[in-house]
Amino acid sequence: MQEFTEEIIFRDGPSGLFRQEVINRTNRRVMAMIIQEQFPDQPLKFGSLPTGETQTPDQIAIIPISVMRYLTDQSGFLLVDSTETSKYEAFYPANFVAPDPDWVPPYPYCSENVRFCAK
């Protein structure tokens with residue numbers, strides 16, 4: 001899978017990284033984006049790195065496309081603050097499936113970055 005570094009910026013300034021989009025199988029429209037972010041309302045559990053530095057955990061959340069202000073090929077801006085993310089679903093890989101290898105995504109998406117709801 002290609003590693004993306006598209007920055008997604010919350011209204012209050014913190015940002016996350018775009019990971020994948022969730023597409024509706026029926027109408028082929030984007031429903032949500034999978035974003036990796038270090039959310040400030042999450043309890044901090046520090047981990048130690050080999051260099052002696054500490055790191056905070058990242059959370060991966062499903063952010064509905066309805067709160068996306070705008071999106072370019074390099075970044076996106078949300079209509080919500082980073083403190084509001086607790087009301088959005090956390091990403092659990094078992095709840096999403098990859099499309100079949102022969103599935104052709106709508107332009108401009110890449111099938112390797114698309115997920116469908118498993119339900």
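If we keep just the residues of the range 99-119 that are assigned to a loop (DSSP other than H, G, I, E, B) and touching a helix residue (DSSP H, G or I) at 6+ places or on another chain (Cβ under 8 Å), which is nearest to Arg28 (Cα to Cα)? Checking each candidate, the answer is Pro105. Selection within the range 90-119: residues that are polar (S, T, N, Q) and under 15 Å from the mean Cα position of the chain (by Cα). The member of this set that is surrounded by the fewest Cβ atoms within 10 Å (Cβ to Cβ) is Asn95. For Asp73, the criteria (1) assigned to a strand (DSSP E or B); (2) exposed (fewer than 15 other Cβ atoms within 10 Å of the Cβ) hold in every case but one, which is (1).
Among the residues of the range 18-55, those identified as at pLDDT below 85 and touching a strand residue (DSSP E or B) at 6+ places or on another chain (Cβ under 8 Å) are Glu37, Gln38, Phe39, Gln42, Phe46, Gly47, Ser48, Leu49, Thr54, Gln55.
Count of the range 3-17 residues, restricted to those that are aromatic (Phe, Trp, Tyr) and either farther than 22 Å from Asn95 by Cβ or at pLDDT 90 or above (or both), is 1. Pairing residues of the range 104-119 that are on the phi > 0 side of the Ramachandran plot with residues that are part of a loop (DSSP other than H, G, I, E, B) and modelled with pLDDT under 90, at Cβ distances under 8 Å and at least 6 apart in sequence or on separate chains, gives no pairs at all.
The values are calculated or read from the model by the stated rules, or taken from the named source; none is laboratory data. Note that the coordinates shown come from a computational prediction; the quantities given were computed from them, not determined experimentally. Neighbour counts run over all protein chains shown; Cβ positions are idealised from the backbone, glycine included.
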